[in-house]
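Taking it in order: structure first as structure tokens, then the write-up.
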Amino acid sequence: MDPKERSSDKAAQEVIQLMADEGIENAWDRLDAQKPQCGFGKQGVCCRICAMGPCRISKKAPLGICGATADTIAARNLVRMIAGGAAAHSDHGRDIAHTFKMAVDSDSSDYMIKDERKLSEVAAKYGIETKGKQMKQIAAELSDVVLGEFGRQSGTLVSAASYAPPARQKVWKQLGVTPRSIDREIVEIMHRTHIGVDSDYKNLVKQGLRACLSDGWGGSLIATELSDILFGSPQPVRFGSNLGVLDAEQVNIIVHGHEPTLSDVIVAVSQEDELVKLAKEKGAAGINIAGMCCTANEMLMRHGIPVAGNFLQQELAVMTGVVDLMAVDVQCIMPALGSLSGCFHTKLITTSPKCKIAGAEHIEFEEDRAVEIARGIIRLAIENFPKRKSKIKIPKVTEEGIAGFTTENTFYHLGGRFRGSYRPLNDAIICGRLRGAAGVVGCNNPKQVHDYGHVTMIKELIKNDVLVLSTGCSAIAAAKAGLMRPDAAAKYCGKGLAEICETIGIPPVLHVGSCVDNSRILTILANVVAEGGLGDDISDLPVAGAAPEWMSEKAVSIGMYFVASGVYTVIAEPLPVLGSPNLTRYLTDEIEKDIGGKWAFESDPVKAAKMMLEHIESKRDALGINEEKERKLYDMEDRRALTF
Ligand code: SF4
Ligand code: MSK
């Protein structure tokens with residue numbers, strides 16, 4: 001076992017070696033134990049939807065017992081993955097919407113509206129008249145409209161119609177995939193994939209498109225917009241990353257998962273005098289909150305709370321011996337943490353009724369007792385501090401970066417203080433200083449060397465003057481590699497991008513948030529289209545998407561909603577569809593004619609980046625912005641008009 005073959009992150013390598021030395025297993029060891037992985041599953045041609053099965057498609061047995069083909073089975077499996085992913089994001093959105101409603105309805109809630117400007121903007125998007133109304137009334141009306149989106153029985157999603165470019169909506173309408181309601185699209189997938197319903201692979205994909213659109217332009221978007229209103233819209237903020245942010249002298253609490261509702265309150269009360277005093281009485285220097293996965297992203301975007309690591313570092317963090325408590329909410333939490341934390345003093349606390357883990361203590365989170373519960377969890381961590389029993393092994397590896405970029409503030413920064421608009425971004429792309437933009441997002445997967453895919457792909461893109469927007473575990477990988485430092489521009493970027501970054505003082509990789517915040521990338525693209533000069537639709541833009549180390553169903557839903565929004569999307573591990581050549585051909589080629597975007601599978605991040613760059617250049621060609629323009633000598637007036 002060479003740790004370098006498992007992770008490209010020095011801190012992770014150090015702890016992986018330590019785990020091997022001490023005989024403690026991790027995700028990479030369990031992957032080895034699973035090998036060889038089932039070829040039928042990988043190819044997507046294993047079906048266990050009914051009790052006549054399970055059926056596996058092979059040359060010898062090309063049909064399931066019901067007569068289902070490889071096309072049907074692979075398409076059903078794929079859209080069920082989309083249903084899982086869309087459900088996770090949208091249920092997160094629903095929970096935020098309920099917290100929002102509670103904050104609006106109650107006068108004594110622990111939550112309050114922190115961004116009134118955004119409240120007015122979002123309310124207007126949802127068709128709510130704001131003029132002459134109190135904020136509380138606007139918020140009450142917004143909460144009703146938003147909650148109605150989940151179970152809407154007629155019409156289509158308000159948000160998809162108000163946020164997406166008109167040309168995009170036309171494409172959806174023509175194909176019959178305009179999302180109608182968030183819950184309905186997910187339920188309909190489960191219905192259609194039941195034994196004996198939809199067996200036409202293209203028709204199944206159509207419903208997959210509709211469901212993922214209800215995620216990206218619906219459930220995820222709601223999560224992002226309401227979180228900004230409730231917890232405050234992010235602003236550029238400095239943060240530290242990697243396992244070195246854990247502090248041997250302090251009580252360390254890791255918040256892990258996805259939802260900000262509890263963690264935001266933990267952060268807010270963590271430095272209260274009484275709690276800090278208690279920590280000192282127990283011998284600690286203070287209380288250190290760090291994040292993991294997307295709860296980390298939510299906390300660092302709004303508060304600059306350090307991030308201890310991404311998905312494959314959750315076990316490694318416990319191994320340091322200094323995590324006094326890990327509070328988890330939902331999604332991407334390895335069940336392995338239950339037994340692993342038992343080997344250390346670490347208290348693993350589950351907080352959501354939707355996520356209990358064997359070996360963890362459960363403290364159920366209730367929004368109307370948020371502060372009381374948060375304080376109780378912090379006290380538990382403090383009480384646990386003196387019980388540390390293993391050697392302390394914190395890798396001395398940290399990196400700094402800037403996060404907190406959003407649809408609203410990012411291009412305000414690009415435009416400068418007095419010229420907040422997307423015009424400078426569009427102009428930079430049109431004149432070629434920026435070739436385009438890419439969204440690099442998604443998870444870690446032990447099948448790929450940890451972080452290598454993200455970091456290598458991003459470096460290749462920024463070297464070629466492509467601005468990168470990043471979310472989720474990909475953003476954490478970029479931060480740990482120093483790509484979110486403003487001075488990374490001079491080191492890694494092509495001339496055009498470096499000049500832009502240096503002039504404005506932004507890093508070449510913009511952290512736009514957690515997994516649900518991929519909706520920020522959609523709204524950024526919609527704003528670029530609306531600004532003008534780069535076509536009428538997202539599918540006209542010189543942009544591409546990628547998830548170089550994806551693993552979760554949510555990543556499938558995200559990838560599919562990027563494709564359905566007109567974006568060419570490259571992933572490393574292929575979708576589990578290769579057992580159906582027809583479906584594979586449809587997703588990676590023919591679907592582009594229907595929807596404007598398509599999938600590509602490429603495990604080498606350099607090759608994948610090249611494919612994205614070629615796509616970006618082909619879009620530039622189609623827009624006619626690659627043509628040599630007649631050279632013009634600039635006079636003073638022209639120079640003043642230059643933004644960068
Ligand atoms: Fe087999 Fe058809 Fe049942 Fe699937 S639905 S398990 S292919 S019989
Ligand atoms: S946490 S979904 S491993 S990005 Fe959003 Fe990371 Fe993927 Fe979970």
### Task
Roll a 1.4 angstrom probe over the protein heavy atoms and tell me the percent of accessible area of the chain that is carbon or sulfur.
51 percent
### Query
For Val468, what is the net charge nearby, where nearby means another residue's Cβ is under 14 Å from its Cβ and Lys, Arg count +1, Asp, Glu -1?
+3
## Note on the structure
Note, Val567: beta-carbon cut-off 13 Å, +1 each Lys/Arg, -1 each Asp/Glu, net 0
### Query
Relative contact order, percent, of the chain when contacts are C-alpha pairs under 8 Å separated by at least 6 residues?
16 percent
### Task
With a 1.4 Å probe and every protein chain left in place, work out the accessible area per residue of the chain in Å², rounded to a whole number.
38 Å²
### Query
What is the Cα centroid distance between the stretch 307-350 and the stretch 177-246, reported in whole angstrom?
26 Å
#### Entry: Cα-based reach from Lys170 at 12 Å (exclusive), listing aspartates and glutamates while leaving out same-chain residues under 8 positions away
Asp536, Asp537, Asp594
#### Entry: Solvent-accessible surface ranking, highest first, for Tyr111, Tyr201 at 1.4 angstrom
Tyr201, Tyr111
### Message
With +1 on the Cβ of every Lys and Arg and -1 on the Cβ of every Asp and Glu, and nothing else charged, how large is the dipole of the stretch 70-231 about its Cα centre, in debye rounded to the nearest 20?
### Response
640 debye
### Task
Pull up the DSSP beta bridges for the chain and report the antiparallel fraction as a percent, rounded to 5.
15 percent
### Query
Between Met102, Gln169, Ile195, whose Cα lies farthest towards the positive end of the dipole of the stretch 70-231 when Lys and Arg beta carbons carry +1 and Asp and Glu beta carbons carry -1, centred on the Cα centre?
Gln169
### Query
Counting pairs of Cα atoms in the chain, how many percent are more than 46 Å apart?
14 percent
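The values are calculated or read from the model by the stated rules, or taken from the named source; none is laboratory data. Given the structure is predicted, the values throughout are model-derived calculations rather than measurements. When we count neighbours, we look across all protein chains shown, and the Cβ atoms used for this are built from the backbone with ideal geometry, even at glycine. In case anyone asks, the SASA skips ligands and DNA or RNA and just uses the protein heavy atoms, side chains included. Shrake-Rupley method; radii C 1.70, N 1.55, O 1.52, S 1.80 Å.
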